[in-house]
Amino acid sequence: MMTPDQTSFRQAMSRLGAAVNTVTTDGSAGRHGITASAVCSVTDTPPTLLVCVNRSSSAHDMFVTNGVFCVNVLGHDHADLAMQFGRPGLSPEERFASDLWTTLETGSPALKSAMVSLDCRICGVETVGTHSVIMGEVVALNIHEDSQSLVYFARNFHRLGPVPTNS
């Protein structure tokens with residue numbers, strides 16, 4: 001048995017497979033986005049989810065000040081985009097340097113080809129250690145019929161979903 005220090009905890013969490021998402025915001029504080037796997041549902045009444053954002057992230061204060069965000073669930077062909085949004089030091093302009101984006105209700109960027117885009121208004125923020133747990137009520141969503149998801153497991157991207165059949 002190991003004592004849970006930062007290194008062993010990170011190693012353990014790398015064994016927890018998770019969907020890969022870009023989480024975006026736009027508003028008075030500016031436009032920004034990050035790659036996040038720490039996203040999950042909270043309740044369906046009202047539809048609410050949470051995302052964990054490192055408080056030292058350049059995007060953190062923009063999310064909180066704007067009061068809105070969009071979780072874009074990435075498909076199997078979005079690994080390069082996930083890397084782009086996860087790259088430290090990359091400006092917001094460089095992250096959004098394509099026409100892959102639209103908006104839903106809040107004005108936060110929604111990825112046109114995302115498996116799912118969940119447009120949210122922040123309804124709560126809690127500080128836990130180095131991160132903020134940001135809860136958002138889903139005010140609009142968009143679903144595409146992509147059959148394979150991008151997941152992160154053991155520090156690598158993987159496909160998850162049914163294998164396409166030839167018709």
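Is it the case, given these coordinates, that Asp44 is open to solvent by 80 Å² or more (accessible area, probe 1.4 Å), closer than 27 Å to Asn156 by Cβ and without any contact (Cβ under 8 Å) to a residue 24 or more places away in the chain? Don't jump to the end; show me each part of the working.
Values: open to solvent by 80 Å² or more (accessible area, probe 1.4 Å): yes; closer than 27 Å to Asn156 by Cβ: no; without any contact (Cβ under 8 Å) to a residue 24 or more places away in the chain: yes.
Judged against the criteria, Asp44 is not a match.
Look at region 86-130 and say how many of its residues are under 23 Å from Ser149 (Cβ atoms), in contact with a strand residue (DSSP E or B) (Cβ under 9 Å, 6 or more places away or on another chain), in a loop (DSSP other than H, G, I, E, B) and not charged (D, E, K, R).
Total meeting the criteria: 7.
Yes/no matrix, rows are residues, columns are (1) crowded, with 17+ Cβ neighbours inside 10 Å; (2) at positive phi; (3) touching a His at 6+ places or on another chain (Cβ under 9 Å); (4) among the β-branched types (Val, Ile, Thr):
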{"residue": "Phe69", "(1), (2), (3), (4)": "yes, no, no, no"}
{"residue": "Gly75", "(1), (2), (3), (4)": "yes, no, yes, no"}
{"residue": "Pro88", "(1), (2), (3), (4)": "no, no, no, no"}
{"residue": "Ala97", "(1), (2), (3), (4)": "no, no, no, no"}
{"residue": "Thr102", "(1), (2), (3), (4)": "no, no, no, yes"}
{"residue": "Ser117", "(1), (2), (3), (4)": "yes, no, yes, no"}
{"residue": "Cys120", "(1), (2), (3), (4)": "yes, no, no, no"}
{"residue": "Glu126", "(1), (2), (3), (4)": "no, no, no, no"}
{"residue": "Thr130", "(1), (2), (3), (4)": "no, no, no, yes"}
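Restricting attention to region 106-121, report how many residues are acidic (Asp, Glu) and within 20 Å of Gly161 (Cα to Cα). Let's see the steps before the verdict.
We begin by selecting, within region 106-121, every residue acidic (Asp, Glu); these are 119.
Those left that are additionally within 20 Å of Gly161 (Cα to Cα): none.
Going through region 106-121 one residue at a time, the tally reaches 0.
Quick one: which of Arg55, Arg10, Arg15 is of a type outside the set (Gly, Ala, Ser) and either modelled with pLDDT of 95 or more or in contact with a Pro (Cβ under 8 Å, 6 or more places away or on another chain) (or both)? Quick ask: steps written out before the conclusion?
Working: Arg10 fails: either modelled with pLDDT of 95 or more or in contact with a Pro (Cβ under 8 Å, 6 or more places away or on another chain) (or both); Arg15 fails: either modelled with pLDDT of 95 or more or in contact with a Pro (Cβ under 8 Å, 6 or more places away or on another chain) (or both).
None of the others qualify; the one that does is Arg55.
If we keep just the residues of region 114-148 that are modelled with pLDDT of 90 or more and among the hydroxyl-bearing types (Ser, Thr, Tyr), which is nearest to Asp61 (Cα to Cα)?
Only one residue tops the list, namely Ser132.
Answer yes or no as to whether Asn66 is at pLDDT 95 or above, within 17 Å of Ile134 (Cα to Cα) and either among the acidic types (Asp, Glu) or under 10 Å from the mean Cα position of the chain (by Cα) (or both). Full working, then the answer.
Numbers: at pLDDT 95 or above: yes; within 17 Å of Ile134 (Cα to Cα): yes; either among the acidic types (Asp, Glu) or under 10 Å from the mean Cα position of the chain (by Cα) (or both): no.
For Asn66, the condition - at pLDDT 95 or above, within 17 Å of Ile134 (Cα to Cα) and either among the acidic types (Asp, Glu) or under 10 Å from the mean Cα position of the chain (by Cα) (or both) - is not met.
Would you please name the residue that is nearest to the chain's Cα centre (by Cα), looking only at residues in region 6-29 that are assigned to a loop (DSSP other than H, G, I, E, B) and of a type in the set (Gly, Ala, Ser)? Show your work before the answer.
To start, the set of residues in region 6-29 that are assigned to a loop (DSSP other than H, G, I, E, B) comprises 14-17, 20, 26-29.
Checking the rest, the ones that are also of a type in the set (Gly, Ala, Ser) come to 14, 17, 27-29.
Numbers: Ser14: 17, Gly17: 14, Gly27: 18, Ser28: 21, Ala29: 19 Å.
Applying the filter and picking the extreme gives Gly17.
Counting only residues that are closer than 11 Å to Phe63 by Cβ and polar (S, T, N, Q), which one in region 10-41 is surrounded by the fewest Cβ atoms within 10 Å (Cβ to Cβ)?
Here the answer is Thr25.
The values are calculated or read from the model by the stated rules, or taken from the named source; none is laboratory data. None of these values were measured; they are calculated from a predicted model. All Cβ positions, glycine included, derive from the backbone under ideal geometry; neighbour counts span all protein chains shown. Side chains included, ligands, DNA and RNA excluded: accessible areas come from the protein's heavy atoms. Shrake-Rupley method; radii C 1.70, N 1.55, O 1.52, S 1.80 Å.
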